[in-house]
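Comments concern the structure below.
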Amino acid sequence: MQDDDEPRFRRTQDLTVPGDLTRLSVEEMTKLRDRLKAEVERLDAEIARRDDVRRAADALFKKPAG
């Protein structure tokens, strides 16, 4: 359950992709790409965890056939 006083999103690092990539160095783009990949992996893991919980709940509350 979410605490109302706790922010829903926490900014721990800047994941903003600028519109004009020509202003970024290759090193900056590489670091940004790596941070974005890590966040995608974190999101995928949480989605999989929630899918597992949903399937378990569905199986638990499934009505018997007939």
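The values are calculated or read from the model by the stated rules, or taken from the named source; none is laboratory data. These figures come from a predicted structure and were not determined experimentally. With ligands, DNA and RNA removed, areas are computed over all heavy atoms of the protein, side chains included. Shrake-Rupley method; radii C 1.70, N 1.55, O 1.52, S 1.80 Å.
Numerical summary
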{"read-out": "Cα gyration tensor shape for segment 17-59, rounded if a/c is under 1.5, else prolate or oblate", "value": "prolate"}
{"read-out": "Sulfur and carbon atoms: percent of accessible area, segment 16-66 [1.4 Å]", "value": "58 percent"}
